1. Can you pull out every residue in the stretch 478-490 that is touching a strand residue (DSSP E or B) at 6+ places or on another chain (Cβ under 7 Å) and closer than 24 Å to G90 by Cα?
2. Taking the stated definitions as given, is W435 more than 17 Å from T38 (Cα to Cα) and surrounded by 21 or more Cβ atoms within 10 Å (Cβ to Cβ)?
3. L240: in a loop (DSSP other than H, G, I, E, B), in contact with a strand residue (DSSP E or B) (Cβ under 7 Å, 6 or more places away or on another chain) and either among the hydroxyl-bearing types (S, T, Y) or within 21 Å of P226 (Cα to Cα) (or both), yes or no?
4. Does the stretch 364-376 include one or more residues that are in a strand (DSSP E or B) and more than 21 Å from the chain's Cα centre (by Cα)?
5. Could you check the stretch 72-94 and list, in sequence order, the residues that are in a helix (DSSP H, G or I) and open to solvent by less than 20 Å² (accessible area, probe 1.4 Å)?
6. Look at the stretch 1-36 and say how many of its residues are farther than 29 Å from T93 by Cα, open to solvent by less than 50 Å² (accessible area, probe 1.4 Å) and in contact with a Leu (Cβ under 6 Å, 6 or more places away or on another chain).
7. Which count do you get for residues in the stretch 224-265 that are within 20 Å of S297 (Cα to Cα), without any contact (Cβ under 8 Å) to a residue 40 or more places away in the chain and touching a Leu at 6+ places or on another chain (Cβ under 9 Å)?
8. Return a yes/no flag: does the stretch 360-374 have any residue that is closer than 30 Å to K46 by Cα and crowded, with 21+ Cβ neighbours inside 10 Å.
Amino acid sequence: MHAPVLVLKDSLKRESGTKVHHANIQASKAVADIIRTTLGPRSMLKMLLDASGGIVVTNDGNAILRELDIAHPAAKSMIELSRTQDEEVGDGTTSVIILAGEMLHVAEAFIEKKYHPTVICRAYNKALEDAIAVLDKIALAIDPQDRATMLGLVKSCIGTKFTSQFGDLIADLAIDATTTVGVDIGQGLRDVDIKNYIKVEKVPGGQLEDSRVLKGVMFNKDVVAPGKMRRKIVNPRIILLDSPLEYKKGENQTNAELLKEEDWNLLLRMEEEYIEEICMQILKFKPDLVITEKGLSDLACHYFSKHGVTAIRRLRKTDNNRIARACGAVIVNRPDELQESDVGTGAGLFEVKKIGDEFFAFIVDCKDPKACTVLLRGASKDLLNEVERNLQDAMSVARNIIKNPKLVPGGGATELTVSATLKQKSSSIEGIEKWPYEAAAIAFEAIPRTLAQNCGVNVIRTMTALQGKHANGENAWIGIDGNTGSITDMKEGQIWDAYNVKAQTFKTAIEAACMLLRIDDIVSGIKKKQAPGAGPSKPKVETEADADGEQILPD
């Protein structure tokens with residue numbers, strides 16, 4: 001008998017084969033179960049406490065999973081899913097996890113029957129192609145200019161969120177904001193950059209109903225010299241600068257040796273003249289408002305206030321870009337290169353208001369603003385954070401529709417149609433792939449089933465009724481009304497989903513399920529050599545005392 005050969009080090013732990021599959025499936029199901037209750041209009045909220053004692057109260061799938069600290073590698077990749085979904089289309093973060101969890105759950109039976117994972121994956125991919133084909137078939141093209149349809153759509157997207165109790169408010173805000181910043185990129189396409197040009201300003205206090213979309217921008221700054229400068233200007237001429245209005249200091253330490261006393265005065269005068277010259281170059285254009293991203297010295301401030309010009313300093317770059325888009329100014333880097341065309345005249349009103357205990361500057365009533373600020377008011381910080389998350393989702397949905405104006409029914413109707421079609425198709429599939437294909441079809445029912453569960457209706461009865469209605473393919477738009485749990489036609493209930501949100505959900509979920517099924521070996525306990533890009537790990541200082549106190553990994 002030969003002695004056993006050790007390939008891996010003692011400290012390594014290796015699991016392989018079906019054991020790994022089961023572990024991965026269990027982990028993914030656990031993640032799916034965490035957020036299963038947050039699907040649909042009757043969803044529960046989750047409260048998460050982070051290490052510093054802050055609270056997050058939300059039912060946005062991505063926001064919940066982002067806060068969780070998870071040890072299992074398969075569960076981690078499930079969390080990545082909802083993140084991709086959030087970045088890609090902004091909605092459907094919960095559905096994607098539930099769907100992926102369900103796909104893995106139905107695959108478990110096949111793995112026990114010794115199916116090869118590749119076979120299951122092949123069947124799943126086939127199912128995915130057919131599912132997207134079904135989506136294309138039942139999708140409905142709409143006109144993104146039609147406000148009522150857009151409103152219904154955005155409303156059904158955020159109907160599942162906490163803010164749905166405020167009715168059309170958030171939907172209105174989202175549509176206003178996204179239509180404002182949309183830019184035509186030719187061929188009838190519109191591009192909406194939410195991240196750069198829509199700023200959400202949360203100001204605690206007041207009521208949610210006071211929230212609104214400004215036709216322009218606001219930022220948390222006051223004028224430089226509050227007593228001397230005007231705080232309200234109608235039709236201001238705005239100049240935006242990216243350069244400091246103070247004396248330039250040398251890059252490195254500069255020493256000047258002065259021999260005569262007059263030279264000192266000369267030096268000071270040169271500095272003053274330099275600033276005066278810059279200010280005069282700017283004042284030549286008769287601006288009413290000068291905004292700079294950098295500093296502004298007292299002297300420059302004096303010149304400006306003498307000429308009745310309001311100045312604001314040290315503004316964030318992003319805010320400055322928004323102002324430029326809103327009032328049509330160009331951000332100038334050197335004052336001596338100013339031209340008349342750089343002056344922004346598109347704004348109707350500049351005003352500094354005090355909200356709560358902070359001063360905010362508003363540049364509003366712009367003629368054709370290409371950037372805007374959404375002002376959110378609310379009772380508490382947690383509430384505002386949640387409203388902001390909901391608003392982000394709503395704006396993403398509005399953006400998706402502007403980019404790709406196609407709709408599919410919500411309320412689980414899409415999934416049921418896909419499921420019914422796939423079930424019919426599965427009978428024509430030859431060979432061993434037929435069964436996993438059919439299982440994938442059944443897995444799609446997880447979404448309507450979860451919706452029914454969260455409404456508290458009799459799940460089995462509802463599901464059978466729905467399957468019966470869909471099996472003969474009479475009406476693809478029959479689904480569950482998430483509020484009451486009754487079976488209704490989604491066209492009448494105005495419950496829609498954006499086409500590319502659904503397509504993305506299906507793709508992400510199935511591809512992720514395939515990836516997790518393909519894993520058949522997990523080697524853990526690999527000694528940390530800080531891999532490049534692995535993120536900072538806390539440096540641990542080892543002393544001789546704890547060198548022999550190394551943890552011995554269990555077999």
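1. Of everything in the stretch 478-490, those that are touching a strand residue (DSSP E or B) at 6+ places or on another chain (Cβ under 7 Å) and closer than 24 Å to G90 by Cα turn out to be G479, I480, D481, M490.
2. no
3. no
4. Looking only at the stretch 364-376, we keep the residues that are in a strand (DSSP E or B), and these are 364, 372-376.
Cutting the leftovers down to more than 21 Å from the chain's Cα centre (by Cα) gives us 364.
Looking for residues that are in a strand (DSSP E or B) and more than 21 Å from the chain's Cα centre (by Cα), one finds at least one in the stretch 364-376, hence yes.
5. Within the stretch 72-94, A74, A75, M78, L81, S82, Q85, T93, T94 meet the criteria.
6. 1
7. Matching residues across the stretch 224-265 total 1.
8. Checked the stretch 360-374: at least one residue is closer than 30 Å to K46 by Cα and crowded, with 21+ Cβ neighbours inside 10 Å.
The values are calculated or read from the model by the stated rules, or taken from the named source; none is laboratory data. All values reported here derive from a predicted model rather than from experimental measurement. Cβ coordinates were reconstructed from backbone atoms using ideal geometry, including for glycine residues, and neighbour counts include every protein chain displayed. With ligands, DNA and RNA removed, areas are computed over all heavy atoms of the protein, side chains included. Shrake-Rupley method; radii C 1.70, N 1.55, O 1.52, S 1.80 Å.
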